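This report refers to the structure that appears directly beneath it.
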Amino acid sequence: MHALLALTACSSGEGHPEDEAGAPQGCGGIHGLLSLPAGKMVVTDLGCSSGPNTFLVVSQVLAAVANCCGEQPAAAADVIQLQFFLNDLPSNDFNHVFQSVEPFNKLTAKEMGEAAPPYYIAALPGSFYTRLFPDHTVHLFHSSYSLMWRSKVPDELATGAVMNAGNMYIWETTPPAVVKLYQELFQKDFSLFLKLRYSELVSGGQMVLTFMGRKKSDVLSLSGEGSCMFQLLAQAFQSLVQLGRVEEEKLDTFNLPFYTPSMEEVKAVVRQSELFDINHIELFESNWDPLEDDDDDNDDLQVVDSVRSGVNVAKCIRAGLEPLVALHFGGCIVDDLFEMYAHSVAKHLEKLKANDRWFVLSWGRRCWQAAATNRASAALPCGQIRPLLGTWVLVFYAPSTEEVKAVVMSSELFDVNHAELFESNWDRSQEDDDDDNDLQLQAVDSVIGVRSGVNR
């Protein structure tokens, strides 16, 4: 199982009086967010990935908003609009995300009908350890299974120095000096994350964060915790070393940008920041194999099918680590590595069902936590989030200047300040002259000048 830390939080707004429950006003979950001016909400999913669960938080927020709006007068419900930003690193497969938007929209229309509030989805590439938005523009940040990843490998390890031989992460044989490097990097990263999100959140804005954590305060007491998964991967690497497929020196310099904090470590960073209030924090467990049915909550310590679970765990770990492995060792070993890893995990699960620990943190009222995290198991079917395949038709038309002007004038929404036809080479890389660029710049200057001088 995994140990999860899920956290819902609101910013410590300056000058916010407290309500009857002792929480700052404006931190009242969906109801509080919907009471914000203009009836608009900006929701951002940090670390959205590109799989079948990418739109899960979107569907959950839509359902929560629809439920809240159903309790309000119709006039209020009509003005609620949602802007979703799906964020991940630039290497994420955003093309797949874009292709999945239309099927998701159709599924939402089918399931929610007119109850669905107006919503818009956009992608936002970039690290969540950098600024992503202007000040005070986001109402809700969500992140799931992402914040255990660090911004980088600790600098002292990234130089290629062998300080943690035989391990790619913290294990029982890891020197205390290396443990300290990871702990300090976590404190620095998480403090930065809180500071950035605080600047971007509106007053009363909230965060829902779920990430991998650690039950024991002693980081080296890792028996049965998440680090065991990486130690099994290190054993698979050692098998490749013995086969001559991987150089041992290369393996000793491979370190993961990863850290699973304890509950005390998370609380300490949040308190030190003085930016957020934690009203609830909870640690819960999840199977290594995300597909294993554990709903009956029995005391059975054995995995039903260890071979199948080994394959499933290997697929999950490969999804996160393959780019790092390929960058450091080359892509030729990836298939064999994770095949060996699946076998090692299966042998481990034959002895004992394994779990990891995850944190649930509640910052502010818990009603938003119920809306956004308690339904985490209600994932959209994989087959319903996929690009629609059909006949390709070229959708293209080159209008004349008169046609463009006619449509603009009939709309009665814009004034045509400048319309000009200019030519461009078929080969856009061929340098002709600067006339084309000059014409475009003149048009932009004209628009900027008109818009800045007219207040409609």
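Yes/no matrix, rows are residues, columns are (1) crowded, with 18+ Cβ neighbours inside 10 Å; (2) modelled with pLDDT under 95; (3) within 13 Å of the chain's Cα centre (by Cα); (4) not acidic (Asp, Glu):
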| site | (1), (2), (3), (4) |
| --- | --- |
| SER49 | yes, yes, yes, yes |
| ALA76 | no, yes, no, yes |
| PHE84 | yes, no, yes, yes |
| PRO117 | yes, yes, no, yes |
| LEU124 | no, no, yes, yes |
Counting only helices (runs of 4 or more DSSP H) entirely within segment 73-182, those with at least 3 residues that are touching a residue at least 12 places away in the same chain (Cβ under 8 Å) and out of contact with any Cys (no Cβ under 6 Å at 6 or more places or on another chain) are 94-112, 155-158
Taking PHE128 as the residue in question, decide whether it is in the same structural domain as GLY47 (by TED's automatic domain parsing), modelled with pLDDT of 95 or more, surrounded by 13 or more Cβ atoms within 10 Å (Cβ to Cβ) and aromatic (Phe, Trp, Tyr). yes
Just one listed residue, out of GLY205, GLY244, is over 13 Å from TYR169 (Cβ atoms) and either in the same structural domain as THR44 (by TED's automatic domain parsing) or touching a residue at least 60 places away in the same chain (Cβ under 8 Å) (or both), and it is GLY205
| message | Can you say whether ALA177 is in contact with a Gly (Cβ under 9 Å, 6 or more places away or on another chain), more than 21 Å from HIS142 (Cβ to Cβ) and at pLDDT 85 or above, as far as the supplied structure shows? | response | no
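The values are calculated or read from the model by the stated rules, or taken from the named source; none is laboratory data. Being a predicted model, the structure only gives us computed values, none of them experimental. Glycine gets a Cβ as well: all are built from the backbone with ideal geometry, and neighbour counts include every protein chain shown.
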